[in-house]
Structures are given as structure tokens and as C-alpha cells.
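*Asks:* Mind having a look at this structure? Questions to follow.
Just so you know, all these numbers are worked out from the coordinates, no wet-lab data involved. Because the structure is predicted, anything quoted here is derived from the model rather than measured. Reconstructed Cβ throughout: ideal geometry from the backbone, glycine too, with neighbour counts over all protein chains shown.
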Ligand SMILES: Cc1ncc(COP(=O)(O)O)c(C=O)c1O
């Protein structure tokens, strides 16, 4: 007998099969039309079931954030993996090399110290490692910010026989904080152009630079000039969420992941309390263009904003039409956090049936 959504205990996380498939196809088509390779960031879900669908839809490889995520992807048959966060701890470096035994693994470097540490471990194991240099295109997180610094780092990497320079990358996550949708498009385009120019600048300085990789869902969808870029690494696009709706890069109908919760209290006429809190939803709200105004948007039975969160409580301060015991479906503000915190997620069809239940391998 098919399990129904109505039979699942709440709070529970649902993924619409139809919307997921449509998001996968749309991004694959966008990349084809732009002439760039797609290497999705799978930290959004960490689900081999979705990674396989992404590869099937046309992705050439995947992106992950940690050696552990790389190992998980490799265990599930992914053969081309980019770890797009610097690794500096010796234990983690060894874990990376373990994964690199069986797959094409690329790692991120943004400092001479980081490059030398990786080279030392790689040389000791006689296993050359592919690296990409991280460029800061405005996010002010990791990455070198000038062509001069990038060229110097690239020359140092080229001088380390245990490393193979594969290209450069950036994460233009600052576009989420743009003032509005138009500003987001402007900032996304500027970041993508900046990385393209860095690649050209490196080559002009005589440094080989194969891959030029940008990565964020809003920029993959909206940037208007991808000249010089070879690859994009969007992650969130598989689900979309409240932040993408707020910043205008997705519609509510494009959001594949939702949470079902139950009203557990109606302590005042305008206040309703749900049995879901930050332990499942996280506490992101987004900012500026991506600010959702709360921690989740109740979609059904009526739109209303989750205004306050506790670990296991979610409060709607301007509640309408909700009664104790009623189930509601809500759109989380940041889907990547929910997929990460949930122990299981249910793939569902449009008729209220549960097609499959996937477990979060982080807890396996
Ligand atoms: C290095 C890197 N690449 C790509 C992405 C994907 O961006 P998005 O979550 O906007 O899809 C992220 C997200 O944090 C990231 O850190």
C-alpha cells in the first residue's frame, strides 16, 4: 500500500518529484544554451539519489564542500568531484587523497601555505593533485582578490610538481545580498565577468588556465555575460526556497522542497505555534533582496509568515484561520539547511503519495 503524506509524522520534509525534475531540466538547458559545463554543488542535498539525477540530466561532475562529502559522493559512484572549499587540516588532506585514489578529484587553493601543505601530502603519496585557485569576486570570503596575487599564486603552484593547476573559480554568494532583483542581475553579471577577465589575465601572463568556474544559483539563472567562463556550479536551484523567491530568481511554483508541520497551540487570537523550529528550519532569513521577512512561509492552507523560531517551536504572530491539530505546509527560507538537518526526506507525487523516502547519509 502506498504511504500518503498524511501518514507521515510531522514535521516532515517533502520534495516534489515533478518540480525537482523540472528544476534539473531547466538548469541543464540553461547551461547548454550558455555553452558552459554544469557542475552542481551537491551540499544543497547530499543525497546520492539527487546527484545521480543531476548527472543524468547533463552535469559532467559535482561540487562538494568537504572531504567527507567527497567521500560520500565517491562511494555512490560519482567519478568527477570538485571540493570547492580550501582544506588545510592534515587529517582532512589525507582524507582527500584517499578519495582521489578512485575518482578525478579537484581541490581548492587560495594561499601558498595551503598549496604547499597539499603538495607535501600529495608528494608523500606520489599522487599528483588537481587544484583550482579561488578568486574573490566580491564575496569577501576566501580567495585572492587581484590578478597580481592570483598570478603569483599560480606560479608558485606550477612550481610544485605534486600539484596540477586546473583553473580558477569563485563563489559569488554576495549576490544574495543585492539591493533588489535588478541589482542582483548587475552584481551577478559583474562577478561572472570579473572571473572571466581573471582567466584571460592569467593566460596573458603565460599561465595556463583551463577551467574558469563560477557558482551560485541566482547568477547561473540571471547573469547576462558568461564570456570566458567554462563552468557553473549552482546548488540551491534543485529545490529553490524562500530566499530565491524573495530575490526574484524563482517562483513559489518552482520550489521543490517544503515542510509539513502541525499547529500545536493557539495561545492568542493572532498567534499560532507550529511543531517545527530551528532544529529543522535553521535560522537564516536572507538579507536585502533575499530577505523573506521570516523563517518560513506557510503556503497551505493560507499564506502567512513564520515570524519567530525556537528550537522546536515556530511562531506565526499574525495568524489567520489555523486550528490546533491542523497540518500546514511551509516553504523554508533556506532549503539547503533543511535538507542538511532533516534525517529523512520524502519524494512525493502530485496526488499526495510518497514515492520514496531518502535518508540523510550524514547521520548514517
Ligand atoms: C563554493 C560554492 N560554490 C557554489 C555554491 C552554490 O551556490 P548556491 O547555493 O547559490 O546555489 C556555493 C554555495 O554556498 C558555494 O559555497
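*Asks:* Roughly how many whole Å is it from the C-alpha centroid of the stretch 299-316 to that of the stretch 14-91?
*Replies:* Here the two parts' Cα centres lie 31 Å apart.
*Asks:* Neighbouring Cβ atoms within 10 Å as the yardstick, rank 213, 16 fewest first.
*Replies:* The most exposed by this proxy come first: 16, 213.
*Asks:* FRET efficiency for residue 303 and residue 355, Cβ-Cβ distance as r, R0 = 25 Å, nearest 0.05? Please list the in-between numbers first.
*Replies:* Values: r = 27 Å, r/R0 = 1.06.
Between residue 303 and residue 355 the formula returns 0.40.
*Asks:* Order these peptides, 192-199, 130-137, 324-331, by their mean beta-carbon neighbour count within 10 angstrom, highest first.
*Replies:* 130-137, 192-199, 324-331
*Asks:* Angle check, please: helix 112-124 long axis (alpha carbons) against the longest principal axis of the chain (alpha carbons), in degrees 0 to 90, nearest 10.
*Replies:* Tilt of helix 112-124: around 80 degrees.
*Asks:* Nearest 10 degrees is fine. How inclined is helix 181-204 to the longest principal axis of the chain, computing both from alpha carbons?
*Replies:* The angle comes out near 20 degrees.
*Asks:* Take the Cβ-Cβ distance between residue 312 and residue 68 as r, set R0 to 41 Å, and report the resulting FRET efficiency rounded to the nearest 0.05.
*Replies:* 0.90
*Asks:* Compute the distance in nm between two label points, each set 7 Å from the Cα along the Cα-to-Cβ direction, one at residue 203 and one at residue 179.
*Replies:* Taking the simple label geometry, residue 203 and residue 179 are separated by 3.5 nm.
*Asks:* What distance in nm separates the two pseudo spin-label positions at residue 1 and residue 94, each 7 Å out from Cα along the beta-carbon direction?
*Replies:* About 5.2 nm, to one decimal.
*Asks:* Moving on. For the stretch 133-176, evaluate the Debye formula with one uniform point scatterer on each Cα (no solvent term) and list log10 I(q)/I(0) at q = 0.15, 0.18, 0.23 Å⁻¹, rounded to two decimals.
*Replies:* Treating every Cα as an identical point scatterer, log10 I(q)/I(0) equals -0.40, -0.54, -0.77.
*Asks:* Decide, for the stretch 1-114, between rounded, prolate and oblate: order the square roots of the alpha carbon gyration tensor eigenvalues as a ≥ b ≥ c, take rounded if a/c falls under 1.5, and otherwise choose prolate if a/b is larger than b/c, else oblate.
*Replies:* Oblate, because a/c is 1.5 or more while a/b does not exceed b/c.
*Asks:* Separation between the residue 21 and residue 124 pseudo-spin-labels, each 7 Å from Cα along Cα→Cβ, expressed in nm?
*Replies:* Spacing of the two 7 Å Cα→Cβ label points: 4.9 nm.
*Asks:* Also, quick follow-up: How big is the antiparallel share of DSSP beta bridges in the chain, given as a percent to the nearest 5?
*Replies:* Given both bridge residues lie in the chain, the antiparallel proportion sits at roughly 50 percent.
*Asks:* Taking a ≥ b ≥ c as the square roots of the Cα gyration tensor eigenvalues, with a/c under 1.5 meaning rounded and otherwise prolate when a/b beats b/c, else oblate, which class fits the stretch 36-239?
*Replies:* Since a/c reaches 1.5 but b/c is at least a/b, the shape of the stretch 36-239 is classed as oblate.
*Asks:* Taking the Cα atoms of the chain alone, what are Rg (to one decimal) and Dmax (as a whole number) in Å?
*Replies:* 21.5, 69
*Asks:* Then there is this: Return one number: the angle in degrees, 0 to 90 and rounded to the nearest 10, between the long axis of the Cα atoms of helix 90-100 and the longest principal axis of the Cα atoms of the chain.
*Replies:* Relative to the chain, helix 90-100 is tipped by roughly 90 degrees.
*Asks:* Using the count of nearby Cβ atoms within 10 Å as a rough guide to exposure, how do 216, 283, 33 rank from fewest to most? Walk me through the intermediate numbers first.
*Replies:* On the way: 216 28, 283 12, 33 8.
Neighbour counts put them in this order, fewest first: 33, 283, 216.
*Asks:* Take 209, 94 and order them by how many other Cβ atoms sit within 10 Å, fewest up front.
*Replies:* By the 10 Å Cβ count, ascending: 94, 209.
*Asks:* Moving to a separate point now. Taking 8 Å as the Cα distance limit and 6 or more residues as the minimum spacing, I'd like the relative contact order of the chain as a percentage.
*Replies:* 19
*Asks:* What ranking do 23-30, 43-50, 120-127 get when scored by the average of other Cβ atoms within 10 Å per residue, highest first?
*Replies:* Put in order of decreasing packing, that is 43-50, 23-30, 120-127.
*Asks:* Rounded to the nearest 500 deg cm²/dmol, what is the calculated helix-only ellipticity per residue at 222 nm for the chain, with -39500 (n - 2.57) per DSSP H run of length n ≥ 4?
*Replies:* After summing the helix terms and dividing by the residues of the chain, the value is -9500 deg cm²/dmol.
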